[in-house]
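The values are calculated or read from the model by the stated rules, or taken from the named source; none is laboratory data. Keep in mind that what you see is a predicted model, and the values were worked out from it rather than measured. Using ideal geometry, Cβ is built from the backbone for each residue, glycine included, and neighbour counts are taken over all protein chains shown.
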Amino acid sequence: MHYHMVNNRLSNYDPAILVLAAVGGTLVYTKVVRLYRKSEDPLFKRLGAYVFSILRKLPQVREKIEKELSVEKPKLIESIHKDDKDKQFIASEIFSF
């Protein structure tokens, strides 16, 4: 009985669309489960960080971030090197062999 009801409902859709929806839904589900098991942070916080990392790759968002960072970058470098005279982050002696 339930088989016929499901079959009648899904017969209106193209089989390729059904396959794509099933694969896409499975990928989303596995990603959410992986995020849930990954750490102790709340799931919504991690989902928000994941969505932001995806959105950050969009050209419009990347341009806005770069624009704001270009203003703050000199201030950040200055605050890091406030007492540093040679303005090097890593001493070259560490890597000389």
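Selection over segment 39-71 of residues that are under 22 Å from Val28 (Cβ atoms) and among the acidic types (Asp, Glu) gives a count of 1. Hey, any hits in segment 29-50 for a residue that's outside any loop (DSSP other than H, G, I, E, B) and either more than 18 Å from the chain's Cα centre (by Cα) or modelled with pLDDT of 90 or more (or both)? Yes, that holds for at least one residue.
Give the residues of segment 7-16 that are in a helix (DSSP H, G or I) and surrounded by 10 or more Cβ atoms within 10 Å (Cβ to Cβ), sorted by residue number. Within segment 7-16, Leu10 is the sole residue that qualifies. On inspection, Leu76 fails the criterion of being in a helix (DSSP H, G or I) and either among the small types (Gly, Ala, Ser) or in contact with a helix residue (DSSP H, G or I) (Cβ under 6 Å, 6 or more places away or on another chain) (or both).
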